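Everything on this sheet refers to the single structure shown next.
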Amino acid sequence: MYKLSRNDVLKHNELADSAAQKAYEKGLEKFINAANNQEEYLSAYLYFYRAYKLGLTGAAYYVAKCFQNGTGKMRSYKAANKYFLIYASSLPTDKAKQSEAYYILSQNYRLGHGVEANIESSNMFLAKSANSGNNQAQYELGARLLFGSEIAQDVKQGILFLKEATKQHSCNANSFVSGDAQGLLGWCYKEGFGVDKDLEKSEQYYLAAKAQGNYQGLKAMGENYGEPISDFSLLENKPYYSGEDIKHQLYISVLTGQCVVEKQNHPENDLTLTY
């Protein structure tokens with residue numbers, strides 16, 4: 001009986017690592033170009049699964065993504081949950097992917113995708129994602145804690161998570177999410193909810209939210225002081241508005257008298273501000 005030498009084992013492992021890396025790279029190529037194409041997702045999955053079976057644990061993340069994003073028979077939330085958990089629990093060096101895996105698990109458990117809906121499990125995975133730096137998770141967990149929505153209310157802890165969500169160095173940092181968190185913090189300081197009432201801080205958060213694309217604090221800023229906001233540049237680079245945005249912007253326009261409402265053809269509404 002032939003006994004493998006140490007060199008044989010090392011060579012085998014080296015070949016396996018090389019094959020795993022090649023399969024992983026080919027899978028990435030297919031995945032990036034999949035664009036909701038059933039066959040491309042399936043092809044990407046086969047490469048990623050081969051890489052995973054050859055020992056590249058990091059490939060489990062993309063195996064999960066193929067099942068999560070795939071179309072038709074390729075989509076399987078149950079399988080996605082399995083591989084997201086395998087990946088996230090493997091202590092990967094890529095914290096952004098780990099935090100995203102936990103975040104998707106939290107959403108799947110909340111919505112009952114591939115599992116029976118379970119808000120406790122959703123909150124657990126959301127907390128894992130938030131604690132590993134995902135600012136989307138930090139914002140959602142902060143909002144849940146702030147208002148006691150589907151979780152035991154803890155206002156101060158909620159505010160801490162919202163503040164973390166505003167930090168751009170967080171994993172998977174998203175400026176729109178950061179703006180939402182800043183807007184909610186602006187409201188907290190405006191109302192004195194969980195913090196000492198502070199209109200100056202409220203304005204700072206609302207202005208920071210505006211810089212990230214969240215305009216919901218403009219009306220509140222006018223209400224803070226009972227007068228129009230002084231910096232009309234707040235409305236720059238925002239050509240169209242819809243829904244509640246229209247009400248907020250009209251409020252500011254009436255107060256300032258510095259812009260007019262003009263009818264235009266637009267797929268969502270016929271109002272825009274010109275100035």
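Would a scan of region 167-175 turn up a residue that is out of contact with any strand residue (DSSP E or B) (no Cβ under 8 Å at 6 or more places or on another chain), assigned to a helix (DSSP H, G or I) and surrounded by 18 or more Cβ atoms within 10 Å (Cβ to Cβ)? Reasoning before the result, please.
Here is the first cut: in region 167-175, the ones out of contact with any strand residue (DSSP E or B) (no Cβ under 8 Å at 6 or more places or on another chain) are 167-169, 173-175.
Subset that is assigned to a helix (DSSP H, G or I): 175.
Okay, now just the ones that are also surrounded by 18 or more Cβ atoms within 10 Å (Cβ to Cβ), so none.
No, that holds for no residue.
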For region 114-142 the number of residues that are crowded, with 18+ Cβ neighbours inside 10 Å and not polar (S, T, N, Q) is 12
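Here's the yes/no breakdown for (1) free of Cβ contacts under 8 Å to residues at least 24 places away in the same chain; (2) among the aliphatic types (A, V, I, L, M):
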residue	(1), (2)
116	yes, no
123	no, no
127	yes, yes
136	no, no
143	no, yes
146	no, yes
158	no, no
165	no, yes
**residue 119 vs. criteria among the β-branched types (Val, Ile, Thr), modelled with pLDDT of 95 or more and within 15 Å of residue 151 (Cα to Cα)** = yes
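What is the residue count in region 93-113 for residues that are outside any helix (DSSP H, G or I) and either buried (at least 24 other Cβ atoms within 10 Å of the Cβ) or at pLDDT below 95 (or both)?
2
It is to be established whether one or more residues within region 87-102 are more than 27 Å from residue 123 (Cα to Cα) and in contact with a helix residue (DSSP H, G or I) (Cβ under 7 Å, 6 or more places away or on another chain).
So in region 87-102, the residues more than 27 Å from residue 123 (Cα to Cα) come out as none.
Taking every residue of region 87-102 in turn, none turns out to be more than 27 Å from residue 123 (Cα to Cα) and in contact with a helix residue (DSSP H, G or I) (Cβ under 7 Å, 6 or more places away or on another chain).
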Original post:
Can you spot a residue in region 50-61 that is part of a helix (DSSP H, G or I), in the same structural domain as residue 18 (by TED's automatic domain parsing), under 19 Å from the mean Cα position of the chain (by Cα) and without any contact (Cβ under 8 Å) to a residue 60 or more places away in the chain?
Top reply: yes
Across region 19-56, the tally of residues that are in contact with a Gly (Cβ under 7 Å, 6 or more places away or on another chain), small (Gly, Ala, Ser) and closer than 11 Å to residue 70 by Cβ stands at 1
Result of the Cβ filter at 7 Å on region 74-96, keeping first residues that are under 13 Å from residue 59 (Cα atoms) and partners that are aromatic (Phe, Trp, Tyr) and at pLDDT 95 or above, at least 6 apart or interchain, is 87/61; 88/102
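Here are some residues: 34, 117. Which one is assigned by TED's automatic domain parsing to the domain that holds residue 133, in a loop (DSSP other than H, G, I, E, B) and out of contact with any His (no Cβ under 8 Å at 6 or more places or on another chain)?
Values: 34 fails: assigned by TED's automatic domain parsing to the domain that holds residue 133.
Selected residue: 117, the only one of 34, 117 that is assigned by TED's automatic domain parsing to the domain that holds residue 133, in a loop (DSSP other than H, G, I, E, B) and out of contact with any His (no Cβ under 8 Å at 6 or more places or on another chain).
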Per the filter on region 124-139, residues in a helix (DSSP H, G or I) and under 15 Å from the mean Cα position of the chain (by Cα) are 125, 126, 127, 128, 129, 130, 131, 135, 136, 137, 138, 139
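The values are calculated or read from the model by the stated rules, or taken from the named source; none is laboratory data. The shown structure was predicted, so the numbers you read here are calculated from the model rather than taken from an experiment. Note: ideal-geometry Cβ built from the backbone for every residue, glycine included; neighbour counts use all protein chains shown.
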